[in-house]
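Working notes, beginning with the structure itself.
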Amino acid sequence: MMESTGGPYLNTAAVTSPVGIARLLQMTFGCATFSLVAHQGGFSAAYGTFCMFVWTFCFAVTVFVVTCEFTHLHSCLSISWGNFTAAFAMLATLMSVTAAVIYPLYFVQLECYPIGCEVRDFRIAASVFAGLLFFAYAAEVFLTRAKPGQVTSYMATVSGLLKIVQAFVACIIFGALVNDSQYGKYVATQWCVAVYSFCFVVTVVVVAFSVTGKTALPWFPFERSVVIYTVGAVLLYVSAAVIWPVFCFDSKYGSPRRPSLCAKGKCPWDSQLVVAIFTYVNLLLYVVDLAYSQRIRFISHL
């Protein structure tokens, strides 16, 4: 005689719910994108490699998420599943939109010469699917985000999602810094790099603690510590937002205008401008994060 085990082995809602459908579309669009590129579209250099990494990485993790939810295997993992899926969806949204912009910018052209019409068509098709992939991940973020009055995982809240965006913007800053930005020229600009590095590391630690479900430790006031850190990050970014432009664009220390003989793609002034722009972007993100952090409470086990 067979006895009930308390529920079905398979969770059909993992593929039939709105979020499940969005994830199926993510797998479809992701597979189509990197297949078109690998088959005929082609890619090269660091930009193309980055795009291929984004599409394959996001596809693999999405397959893992759907498989775990469909088979209930996520209940065997010692992580906060709700925080993990919310964090990944936001990260995948940012990565996929970046790849959706970079690939057509560097690889798509309207003329057939010199790559041939077939290769051009494959690249255009890959670009279309890359755009659809971004919308699929954005749809999941929209569907799983915290609603007013709803008890949900921290990473699904505005403050939690902003942590992913802050870390992503910091990666853009680091990319510009290593691209001959001459940040080591002054102690003041080195201070700015220390600010970016410190805030990035602590933000990643906050995300890691949330995903691993370690936010309810009795000996560590995690919620209060995150708010205090956010206040500190705002103050640190304010200092960087003042110091970096002065030492890069003031005529006494740098150049207020782009040098005419500066090579495209290898100009320190361009990298310094990118760092300045995204410094202000991250400052705004931390200010918004601080405002929203006053209105939420952490739920570590969802």
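The values are calculated or read from the model by the stated rules, or taken from the named source; none is laboratory data. Note that this is a predicted model, so its numbers are computed, not measured. Note: ideal-geometry Cβ built from the backbone for every residue, glycine included; neighbour counts use all protein chains shown. Heavy atoms of the whole protein, side chains included, go into the accessibility calculation; ligands, DNA and RNA do not. Shrake-Rupley method; radii C 1.70, N 1.55, O 1.52, S 1.80 Å.
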Inside the stretch 115-160, can you point out the residues that are over 19 Å from the mean Cα position of the chain (by Cα), assigned to a helix (DSSP H, G or I) and free of Cβ contacts under 8 Å to residues at least 60 places away in the same chain?
C117, R120, D121, I124, S127, V128
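I'd like to check something: does the stretch 189-199 contain any residue that is under 25 Å from L77 (Cβ atoms) and assigned by the TED database to the domain that holds V246? Let's see the steps before the verdict.
Let us first name the residues in the stretch 189-199 that are under 25 Å from L77 (Cβ atoms), namely none.
No, the stretch 189-199 has no match at all.
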Find the residue count for the stretch 185-239, including only residues that are assigned to a loop (DSSP other than H, G, I, E, B) and of a type in the set (K, R).
1
Run V63 past the list (1) open to solvent by less than 40 Å² (accessible area, probe 1.4 Å); (2) without any contact (Cβ under 8 Å) to a residue 40 or more places away in the chain; (3) not hydroxyl-bearing (S, T, Y) and report the number of the one that doesn't hold.
(1)
Residues of the stretch 246-302 that turn out to be modelled with pLDDT of 90 or more, closer than 30 Å to W81 by Cα and assigned to a loop (DSSP other than H, G, I, E, B), as a count
0
Failed item, numbered, when A89 is tested on (1) surrounded by fewer than 16 Cβ atoms within 10 Å (Cβ to Cβ); (2) in contact with an Asp or Glu (Cβ under 8 Å, 6 or more places away or on another chain)
(1)
The stretch 19-44 residues that are closer than 15 Å to A60 by Cα, paired with ones that are crowded, with 22+ Cβ neighbours inside 10 Å and of a type in the set (S, T, N, Q) (beta carbon under 7 Å, 6 or more apart)
R23/T62; Q26/T62; M27/T62; G30/T62
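For the stretch 3-105, give me every one of the helices (runs of 4 or more DSSP H) that falls completely inside it and has 1 or more residues that are at pLDDT below 95 and in contact with a Gly (Cβ under 7 Å, 6 or more places away or on another chain). Even if it seems obvious, please write down each step before you answer.
Numbers: elements: 13-16, 18-36, 45-71.
Those helices (runs of 4 or more DSSP H) span 13-16.
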